[in-house]
Amino acid sequence: MTAQPSYTPSPSFPVSCFSVIAAADPAVMPRVIQVFAKRGLVPSQWYSIIHGSAGQDLHIDVQVPGLDPQLRELIAETLRQ
């Protein structure tokens with residue numbers, strides 16, 4: 001597949017880090033990556049782990065380089081929902 005991203009990272013903006021903590025449900029990861037994919041973004045790093053005494057929490061950390069502050073805030077707000 002050779003789709004071109006619709007967003008070009010800016011070297012003048014640092015790496016943006018997003019952290020999501022949610023119930024350990026298989027539907028969470030696709031919903032999180034969709035927030036980035038629909039904007040043509042490919043995270044430079046994605047890390048997820050099941051956590052909690054009974055494995056009830058899913059922690060996801062995502063890094064995306066070069067996001068301008070407005071887009072970063074929009075993505076953060078979308079992830080909070």
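Each value in this text was obtained by applying a stated rule to the coordinates, not by laboratory testing. This structure is a prediction, so every number in the text was calculated from the model and none was measured. So basically every Cβ, Gly included, is an ideal-geometry build from the backbone, and we count neighbours across all protein chains shown.
Around ILE33, what is the net charge, scoring Lys/Arg as +1 and Asp/Glu as -1 over all other residues with Cβ under 15 Å from its Cβ? Let's see the in-between values first.
Details: positive: ARG31, LYS38, ARG39; negative: ASP25, ASP61.
Summing Lys and Arg as +1 and Asp and Glu as -1 gives +1.
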P(r) for the chain, please, calculated from all Cα pair distances in 10 Å bins and given in %. 17, 50, 26, 7, 1
Around ILE49 (Cβ within 12 Å, Cβ-to-Cβ, excluding ILE49; K/R +1, D/E -1) the net charge comes to -2
Relative contact order of the chain, pairs being alpha-carbon contacts under 8 Å that are 6 or more residues apart, as %: 42
If one builds a Gaussian network model of the chain from Cα atoms under 10 Å apart, the most fluctuating residue listed among GLN70, GLN34, GLN45 is GLN70
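Can you pull out the trypsin sites (Lys or Arg not before Pro) in the stretch 12-65 whose DSSP state is coil and whose Cβ has at most 11 other Cβ atoms within 10 Å? If you can, show how the numbers build up before the last one.
Details: sites: ARG31, LYS38, ARG39; in loops: LYS38, ARG39.
Answer in residue order: LYS38.
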Using just the helices of the chain, give the 222 nm mean residue ellipticity in deg cm²/dmol: DSSP H runs with n ≥ 4 each add -39,500 (n - 2.57), and the total is spread over all residues, rounded to 500. -8000 deg cm²/dmol
Round to the nearest 10 and give me the degree value, 0 to 90, for the angle of helix 28-37's Cα axis relative to the longest principal axis of the chain. 0
Calculate how steeply helix 69-80 sits against the longest principal axis of the alpha-carbon atoms of the chain, using the helix alpha-carbon long axis, and give the answer as 0 to 90 degrees to the nearest 10. 20
Which of GLY66, GLY55, GLY40 moves most in a GNM of the chain, Cα contacts under 10 Å? GLY55
